[in-house]
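Q: Supplied in C-alpha cells, the structure appears directly below.
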Amino acid sequence: MGSALPLPSLQRLPSSAGLESVLQVFHEDGAVIITDFLSPSQVNRLNAEFSPSLDTITPKTGTDLAAFLGGKTKRLPAVPNSKTFRDEVLENELMHALSERILVDGPPDGYHINCAQVIALGPGANAQPFHRDQGLWSFWEKFPAFGPEACVNFLCALTPFREVNGATRVIPRSHLSMADLSTFNEQSETVAVEMEPGEALFFSGRLIHRGGANRTDKVRRALTIHLCRNGLNTQEAHPLTIPRAIAETMSYRAQAMFGFRSGWPLHQTSGVHFWSKAWEEVGQGLGLKQKQMNEPTSTG
C-alpha cells in the first residue's frame, strides 16, 4: 500500500465475543477470523457429505474465467450436496446478524446468498489475481470506500489453511481505499490467512485479497458463503440449480437466501415485492409449503 510499515495481522475472535466486537474489528481491518464458526462435528460431516460429489468434478480449463477460478480448483454448490449445510450452517445466527447489520440500511433493504460453494484448491494450483469481491458488480467499484457494502464473505476452513497450501492472502485495511487493482503484483505485501478447520475468515467485499498458491501434494478445502444486498444479481441461479424437493425442507429464511421467497429480513415480505411471481410473494406463487416466517427469527 506504499508504506514501509508492516501490515497488521488479522485479529481472531470467538463467536462469544459478540456482534459488536466482531463488527468493530471488521470495520477497522476489513476482516476478522471467527475461531469457532463451525464445530468439529460440523466440519467432519460437511467433509463427508461433500467428498462424493467433489470426486466426480473436473476443474474447468481453457477460458479466462477458468484461469481466475483456478485450473486445478474444484467448486461445488453447497446446498444440494450437504444436509448439514442446509439444516445447520445456514441457520448460524451470528452470520445473519452480521449480514443484516452490514447489508441492510432499513426497509425495504435485504440480503441473500450470492454463492455458497466448496472450493477445493488442488496441488499445484497457482495464486489468483488480486481482486475485490464487490468487483462482481463492476459499477460498485465506482463507489467511494466509505459507501455502502455490496457484499460480505464467510470463508470457512474445512481443512487446515497454511501459507504453503494456498491459504487466502489479504491486505488488511485495504477496504479503506479504492486503490487501483492494477498497482498490485506478485511483490505486493499480503498476509496469509492461516486457519484451523472450523475457523472462518469474515471479510468485506472491498478487501483486496487473492487465493494463494498450493505448493503441497494435499487439497486445501474451504466453504465460502458469500452474501450480497438484495437488488444485486447473484452469481448462481439458485432456483434453477436447487431441486424443489430440497428447497421444501429448508426454513423460510434459508429459502429466502436462495430466491425461493421474496426476501429477508421479514419487512421484505410486505408491500411491493421486487422479487415476485406476478406480484405475489415468490414462495406463495410457487406453491411452497406454508412455513412460519419467524422461524428462525432474525437477531440483527
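Q: Using only Cα atoms and rounding to the nearest 10 degrees, what angle (0 to 90) does helix 19-29 make with the longest principal axis of the chain?
A: Roughly 40 degrees between the two axes.
Q: Just need the relative contact order of the chain here, percent rounded to a whole number, with Cα pairs under 8 Å and 6+ apart.
A: Working: 600 pairs, mean separation 71.3, N = 300.
Rounded, it is 24 percent for the chain.
Q: Normalise the Cα radius of gyration of the chain by 2.2 N^0.38 Å (N = residues in it) and let me know the number. Intermediate values should be presented prior to the final figure.
A: Numbers: Rg = 18.7 Å, N = 300, 2.2 N^0.38 = 19.2 Å.
Normalised Rg, Cα atoms only: 0.98.
Q: With a sphere of radius 11 Å drawn around the Cβ of Ser82, what net charge do the other residues whose Cβ falls strictly inside it have (Lys, Arg +1; Asp, Glu -1)?
A: Its environment carries a net charge of 0.
Q: Which of the lysines could a cross-linker bridge to Lys277, judged by Cα under 21 Å and excluding same-chain residues fewer than eight apart?
A: Lys289, Lys291
Q: What angle do you read, to the nearest 10 degrees and between 0 and 90, between the alpha-carbon axis of helix 93-103 and the longest principal axis of the chain?
A: 80
Q: Can you compute the helix-only [θ] at 222 nm over the chain? Use -39500 (n - 2.57) per DSSP H run of at least 4 residues, normalise by all residues, nearest 500 deg cm²/dmol.
A: Details: 9 runs with 69 residues, N = 300.
Per the formula, -6000 deg cm²/dmol.
Q: Please check the chain for the longest run free of GluC sites (Glu not before Pro) that are loop-located per DSSP (anything but H, G, I, E, B) and have at most 16 other Cβ atoms within 10 Å.
A: Numbers: sites that count: Glu88, Glu163, Glu186, Glu189.
The segment 190-300 is the longest one with no such site.
Q: Within straight cross-link reach of Lys74, meaning Cα distance under 18 Å, which aspartates and glutamates are found once same-chain residues fewer than 8 apart are removed?
A: Glu49, Asp55, Asp64, Asp217, Glu236
Q: How much area per residue is accessible in the chain when the probe is 1.4 Å and only protein heavy atoms are counted (Å²)? It would help to have the intermediate numbers written out before the result.
A: Details: 13530 Å² over 300 residues.
The answer is 45 Å² per residue.
Q: Follow-up question, since we're still on this one. Probe radius 1.4 Å, ligands and nucleic acids ignored: give me the carbon and sulfur share of the accessible area of the chain as a rounded percent.
A: Numbers: 7420 of 13530 Å².
Heavy-atom surface of the chain belonging to carbon and sulfur, 1.4 Å probe: 55 percent.
Q: Quick one: of the DSSP bridges fully inside the chain, what percent are antiparallel, nearest 5?
A: Values: 40 of 42 bridges.
Antiparallel bridges make up about 95 percent of those DSSP assigns within the chain.
The values are calculated or read from the model by the stated rules, or taken from the named source; none is laboratory data. None of the values given here were measured: they were computed from a predicted structure. Heads up, the Cβs are rebuilt from the backbone with ideal geometry, glycines too, and the neighbour counts pull from every protein chain shown. In case anyone asks, the SASA skips ligands and DNA or RNA and just uses the protein heavy atoms, side chains included. Shrake-Rupley method; radii C 1.70, N 1.55, O 1.52, S 1.80 Å.
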